[in-house]
Structures are given as C-alpha cells and as structure tokens.
Amino acid sequence: MGGASANGRRERATAIGIGEAVERLRQEFPDVSISSLRFLEREGLLGPRRTAGGHRLFTEDDLDRIRLIKRQQQQHRSLAEIRELLARRDAIGSPAEISARFVQAIVARRAREAHAIIDEAGEVGVPYRTICLNILTPALVEIGELWARGVIDVAHEHLASAVVRDLLASLRRYEPPAPPTGRVAVAACAAYQRHELGLRMVAALLEQEGWYVHYLGADTPAPSAVLMARENAADMLLVSVGEPAERAYLEAIVAALQQLPAERRPRLVVGGRAAYAASTGLPVDLVTASAEELLRWVATLFPPGVPSPPDGATLARAT
C-alpha cells in the first residue's frame, strides 16, 4: 500500500467555485462564508485563480491553505503572525521540491537533515496527508528505484525507512486528528512479509481520519489477524502482501472470515506490491496499491458517524 497516483495529483489540481469551497470548509469550520474568503484574499493571505469571467476557483491546495489559516485563527494568532507562517510555507516550495530535497539528504546519508526537511513542512502547516502521499511516498519510490539501478545500496533504503517511521509519529503534533469515528481497522502484513512501511503509513493516515487502528505489522499469522479483527469487531481488515506466492495466506484469511456471521465480517482490503497477483479471483472488497485510492474508498464506504471510542471486544461494530 502507498503511492501517489497520477490521478490523485490531477484531483488536487481540480478547481471548484467559491460556493462549493465554502460548503466543504464548513464541515470543519462552520463560520466560513463567502465574505470571509473574500476577506482573506483582500488581506493577501489567499490567491485563488480566476475564470475569464472573474469567478474565483479554489484548488485542494487553496482549501488546505484556508484550513491552516482557520486553525491559526482558532489559536488567536494575529493576521501578521499568520502572514509570516504562510510566507515560510511558501518558501519551502512545492511537495515535489520538498520530496526531492529529502531524497538528496538520504542519498548523502544525512538523516538529521532529511528529518528536518519534513519536520519543517509539518511545522509550517503542510497537511499530514499531503506529507505522506505527495512528499514521502514519491521519495520512497525514487529511493527504491535508485537502489534497483545500483546508484545507492540497501543501507540507504533502511535509513529512509527509519526516518519515515519516526516522522509518521512525530508529525502528528502539528495537526490534530479528526474526531473519533467509532470505526476500527486491523492492519497486518502477510506471514514472512517484512516490508511493512507502506502499511504503517496507511494505518497512520486512517488514524488521522479518526479511525482506531490495531497495527500488527510484519509477519502476522493469518489466524492472529482474523482473531484480532473478530475480537475488536473491526470494520476493516487490511492485509499487505509482497509476493504472489502469498496467495495461500489470503486464502486462509478469506476462509476464516467466511466463518464469521455476515454482520460481524470486516471488509477485506488487500494491498502491497503483489496485491493484484495474489488476490485474483478471491472475494475481497478492495485491491489497491495506492494509499490515496484506499482513503477515497474508505471515505465513500464509511462516512463519519457518531463518535464512539473503541473499547476492545465490547465495541459495537457500525454497519
């Protein structure tokens, strides 16, 4: 799991009108209005592009910028302080530029510098989701390609993985997670599968979306994964597979899940490098190698409901 798709990048560039922008932002900030967005523009904090007819168009990046401004206002920051923060954010460049600097630092074996590059992005308000999907994921892909071409050795990959694992936890101090949704997921790598960083990132992103995730990590026996899902009334079981030969593992998962009553059966999601090859013909709910696709699917299938903090096996599974 993981990988920022071209479709995902195009979606971020899709623009919407000011009315739709206000409607989306009000889900998190009820006081947002057309006049308040116009005020931010007059103050130079926002610069949406215009149509030939003069209508404002807002991209996902514009909406992220407004969310950052609103969070700063909630913390009683002055317009001057917010303007300074936005100037710092603009100065660090685009996600692609930040990603490239991270790769350069890893190639040069400068772990602290690599960590600082991403930490600064979080500090100046780049969203956690953007950092994961549009900065770290492309960087890890490029590092893997450099290793495959013999430009770097495996130590560089291990270094990058260690830095990213730390960042997934440390960056959370800059952006509060969404309120608890009451939804529960279990995330596990197939037996003997030790490439777990992509799954770890997916788990972190789901937690930011308000999910409670039981992350089991690498080399998880199939019975243990299903038992954890059953005992915690999980809504979703995420399984990462790295080799086509791990199909037998998925078959064991499917067989065990089919023993559960339909109303207690979690959705089964398969990801990883061998997701499609290993799951062909099996009754799974989603097969994907893209964290972005998974998050879109989750948002459609599991819209936020009444918050309900998990309580182990006593959690009532929402249906």
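Every number here is computed from the coordinates shown, using simple stated rules; none is lab data. If you're wondering where the values come from, they're calculated on a predicted model, not measured in any experiment. Neighbour counts are summed over all protein chains in view; Cβ atoms, including those assigned to glycine, are modelled from backbone coordinates with ideal geometry.
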In a GNM of the chain with a 10 Å cut-off on Cα contacts, which of ASP31, ASP62, ASP119 has the highest mean-square fluctuation? ASP31
Pseudo-spin-label distance VAL141 to VAL154, built 7 Å along Cα→Cβ, given in nm, is 2.4
Positive-end extreme of charge dipole, the range 95-174 - chosen from ASN134, GLY144, VAL124 (charges on Cβ): VAL124
Give me the Debye-computed log₁₀ of I(q)/I(0) at q = 0.14, 0.16, 0.23 Å⁻¹ for the range 9-83, equal point scatterers on Cα only, no solvent, two decimals. -0.42, -0.55, -1.12
In sequence order, what are the phi-derived ³J(HN,Hα) couplings for the range 51-59 according to the Karplus relation 6.51 cos²θ - 1.76 cosθ + 1.60 with θ = phi - 60°, rounded to whole Hz, with x for glycine and proline? 7, 4, x, x, 7, 6, 10, 10, 8
Can you give me the distance in nm between label points at GLU251 and ARG109, each placed 7 Å from the Cα along the Cα-to-Cβ direction? 4.6
What area, in nm² and to one decimal, does the C-alpha convex hull of the range 15-141 cast on average over all directions? 8.7
Relative to the longest principal Cα axis of the chain, at what angle does helix 95-107 sit, 0 to 90 degrees, rounded to 10? 60
What do you get for the angle between helix 291-301 and the principal long axis of the chain? Use alpha-carbon atoms, 0 to 90 degrees, nearest ten. 90
Selection from TYR174, LEU238, LEU295 lying farthest towards where the dipole of the chain points positive, charges on Cβ: TYR174
From largest to smallest, what semi-axes in whole angstrom does the chain give when each is the square root of 5 times an eigenvalue of its alpha carbon gyration tensor? 35, 26, 17
About the Cα centre, charge dipole magnitude for the range 66-149 (Lys/Arg +1, Asp/Glu -1 at Cβ), debye: 200
Between SER94 and GLN259, the FRET efficiency computed from the C-beta separation at R0 = 51 Å comes out, to the nearest 0.05, as 0.55
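Please compute the contact order of the range 212-265 in relative form: average sequence separation of alpha-carbon pairs under 8 Å and at least six residues apart, divided by the residue count, as a percent.
Working: 21 pairs, mean separation 24.1, N = 54.
Relative contact order for the range 212-265 comes out at 45 percent.
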Compute the long axis of helix 79-91 from its Cα atoms, compare it with the longest principal axis of the Cα atoms of the chain, and write down the angle in degrees, 0 to 90, nearest 10. 60
Under the definition of Cα pairs under 8 Å and six or more residues apart, what whole-number percent is the relative contact order of the chain? 17
What length, rounded to one decimal in nm, is gained on full extension from PHE39 through to GLN75, with 0.36 nm per residue of separation minus their alpha-carbon distance? 11.1 nm
